[in-house]
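Participant: My questions all concern the structure below.
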Amino acid sequence: MQQSEQLITILGPTASGKTQLAVALAKRIGGEIISADSRQVYRRMDIGTGKDLDEYDGVPYHLVDICEPGTKYNLFRYQQDFARAYHNILSRGAQPILCGGTGLYIEAVLKGYELAPVSENKELRAQLEGKSLEELTVMLRELKAKNGTVMHNTTDVDTAQRAIRAIEIEVSLNPSERRDLPTDSVGKPLPVKRFGGAPIFGINIDRELRREKITRRLRQRLENGMVEEIRSLIDSGVAPEDLIYYGLEYKFVTEYVIGQTTYEEMFRRLEIAIHQFAKRQMTWFRGMERRGFTIHWIDAALPMEEKVTLIEKTMNSKL
């Protein structure tokens, strides 16, 4: 298969095996992987985010371990970082492969959205302080309906902090606002590329198999030291509320570590939350299809060689 400047995207819900497929494809075609995971950007947050860096097996990867825990990484920064990684990969004659499960990041990249950074609105935050997650979610839905926006989603809004940040972004939206373009390492503007028609491959995993893998993987992560990882982050000075902000494993395990819940309750609630998260991921991907994207779905149960061959055949048919 010839190298194409068109980005290849591999997406799927958590525990679907998308990273393994991206690595196998990269080895076959000389690719490098750009992560589309909103939490794997953080250093030392390894077990809870499921980095499994050994899976890359020598394949170059990007946008993993690029900022410190406690910072608030966002879509604007992701687009900046993606543009730099993408152009660097092309400069080496390699094939960029976008791989992940954060639908918001993936769709923003493929559509070439130009966003401006949104500063903290202290007055708004003071007004929202004390409101429940349910109240904030209703406000967010109303703002999204008013703005007609689809790019600032609620799939990851599982804490009040995240809901407030999402509301802050919606309130700031202004069509006449200047959009800051991404720049390279020396400040030179990079072109914002739109990947219309770029091939997108999705991992379609049976619902029951997905649930089984999620539960098994959660047990493995806990056995492999996820609680200790979070204790170490807190001991290093990362505030518990900052870890809770990141949701899922970091929300529920942190609550256990600081004594707000029991181990059994933590496991039960976290297992449910991850299942719900995977379902929301699939809802987002199906929404992408309704919004005009063509996703070529690949059965997760197929042998790896067959999956890669299917991708190659699809790519060759488009050349």
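Participant: Considering only helices (runs of 4 or more DSSP H) fully contained in region 218-282, which possess at least 3 residues that are of a type in the set (S, T, Y)?
Facilitator: 248-257
Participant: Here is a follow-up. Quick one: would you say E289 is without any contact (Cβ under 8 Å) to a residue 40 or more places away in the chain, farther than 15 Å from I200 by Cα and in a helix (DSSP H, G or I)?
Facilitator: Criteria not met by E289.
Participant: Sticking with this one: Would you mention how many residues in region 52-86 are in a helix (DSSP H, G or I), free of Cβ contacts under 8 Å to residues at least 40 places away in the same chain, open to solvent by 40 Å² or more (accessible area, probe 1.4 Å) and more than 27 Å from I234 (Cβ to Cβ)?
Facilitator: Qualifying residue count for the region: 1.
Participant: Report yes if H275 is in contact with a Pro (Cβ under 8 Å, 6 or more places away or on another chain) and of a type outside the set (A, V, I, L, M), otherwise no.
Facilitator: no
Participant: Something else: Within the bounds of region 296-312, is there any residue that is of a type in the set (F, W, Y) and either more than 30 Å from I29 (Cα to Cα) or free of Cβ contacts under 8 Å to residues at least 24 places away in the same chain (or both)?
Facilitator: no
Participant: I've got another one for you. Determine which single condition Y250 fails, assuming it passes every other condition in (1) more than 14 Å from M266 (Cα to Cα); (2) surrounded by 17 or more Cβ atoms within 10 Å (Cβ to Cβ).
Facilitator: It is condition (1) that Y250 fails.
Participant: In region 271-286, what residues are over 18 Å from the mean Cα position of the chain (by Cα) and touching a residue at least 24 places away in the same chain (Cβ under 8 Å)?
Facilitator: E271
Participant: So, in region 269-291, how many residues would count as being hydrophobic (A, V, I, L, M, F, W, C) and either closer than 24 Å to E255 by Cα or exposed (fewer than 13 other Cβ atoms within 10 Å of the Cβ) (or both)?
Facilitator: 6
The values are calculated or read from the model by the stated rules, or taken from the named source; none is laboratory data. Source: prediction; values computed, not measured. When we count neighbours, we look across all protein chains shown, and the Cβ atoms used for this are built from the backbone with ideal geometry, even at glycine. Just the protein is used for accessible areas: all its heavy atoms, side chains included, with ligands, DNA and RNA removed. Shrake-Rupley method; radii C 1.70, N 1.55, O 1.52, S 1.80 Å.
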